Amino acid sequence: MSENALVRVCGLVAVVLAAAACTSTGAEPLDPELAPRGTVQTTAKPTRQDLTNKVSLTGKVTMNPLFGIVAPVAGEVRYWTVADPTGTPTKPTRVATVWADGKPTNVDVPAGATFGGRLVDDRAKVTAGMPIASAKHAGYGIVAEVSGEQAYQISDAAQGTVQAQIKNGPGPFPCALLGTIAALPQGTVPAPPPARDPEPDTDATGAKTPAPPGDRQPPDTSSEPTGLRLVCTAPADVKMVNGAAATLELVTASVRDALVVPVEAVAGGQGKGKVDVVGADGAKQTTDVVLGLTDGKVVEIKSGLTGDETLAVPGPNLPPGEVAGQAEPGTGK
């Protein structure tokens, strides 16, 4: 290499070294978006608020909807002989009695509805809340079909409230629940009692005598089976059109001043969960909590927290459940 070339290379190296010396701080800068593993990035603190659990259902206006009457207590059901209605009943109709510990509890079809049929055998053992009779509401009602996934969520809906909205029609308005939310088997009308000996159809004066009770024929049809459904009725001043689509909003439960946390901070469900409590030093401690209502955004903490904690978001990762029939690793079982 010539002397001039050597001078040029050495000068270039000197310039590069000088530039590096001017710009280097002696340590590579950290990416501000990266943090050491295990560092809690997002936290949340419990708060208090009123919480309501709601379910939205799609239904339609239906004439003379069928609904179920349940056993009020567990015991033995004994059905009454129900006379054929001559009009829309204005008073409750006694259809059965459930006997338990020697005490009777009456079962009535509400006013404005007629008896549809028996859903279990006479003198059968029944449990509280079990549908034992069907009834038919006289007039318009709103019927919403319920999926199996929603059945348990709204099984206690009789304690809640329902708001209805008719599509392109009146609403929202309160809708009074009828009967139970359950799939009803086909109702059966009891056979008539044995016919009595024939009697003259006229008395001494020539007037026609009424037919004896044993000669009365039962209705020609019994109640049809239904799927899971919710039936409610609108106030009398609400105009109803048969077949019109409707939306029902069902409040299944509510609680005031509940201690709540974001659902993202909780792992688990069905009443039991876990949260990660962040300490002053940033360390996380997994804590068991008892869960209550949720609106999809926050969930009620019934116990396990005082309300002063700081929680990591998202919550802890739960280990996957054991697959049925799969051997445990290393056990051969």
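Closer than 24 Å to Ser56 by Cα, exposed (fewer than 15 other Cβ atoms within 10 Å of the Cβ) and under 28 Å from the mean Cα position of the chain (by Cα): which single residue out of Gly292, Gly296 fits that description? Before the answer, list the steps.
Working: Gly292 fails: exposed (fewer than 15 other Cβ atoms within 10 Å of the Cβ).
Only one candidate qualifies: Gly296.
The numbered conditions (1) surrounded by fewer than 16 Cβ atoms within 10 Å (Cβ to Cβ); (2) more than 14 Å from Glu249 (Cα to Cα) are all true for Lys136 except (1). Arg123 meets the conditions (1) at pLDDT 95 or above; (2) part of a strand (DSSP E or B); (3) of a type in the set (Lys, Arg) in every case but one. The failed one is (2). Filtering the range 227-244 to residues that are of a type in the set (Lys, Arg) and not in a strand (DSSP E or B) leaves only Lys239. When the criteria are applied in full, Thr247 fails the requirement of being touching a Leu at 6+ places or on another chain (Cβ under 8 Å) and in a loop (DSSP other than H, G, I, E, B). Filter the range 250-289 down to the residues that are assigned to a strand (DSSP E or B) and among the acidic types (Asp, Glu), then identify the one that is surrounded by the fewest Cβ atoms within 10 Å (Cβ to Cβ). Per the criteria, the residue is Asp257. When we screen Thr90, Thr81 for residues that are touching a Gly at 6+ places or on another chain (Cβ under 9 Å), closer than 30 Å to Ala182 by Cα, part of a loop (DSSP other than H, G, I, E, B) and at pLDDT 70 or above, the only hit is Thr90. Inside the range 205-261, can you point out the residues that are among the hydroxyl-bearing types (Ser, Thr, Tyr) and modelled with pLDDT of 90 or more? Scanning the range 205-261 gives Thr233, Thr247.
The values are calculated or read from the model by the stated rules, or taken from the named source; none is laboratory data. A quick note: this is a predicted structure, and the numbers were derived from the prediction, not measured. With ideal geometry, Cβ positions are generated from the backbone for all residues, glycine too; neighbour counts draw on all protein chains shown.
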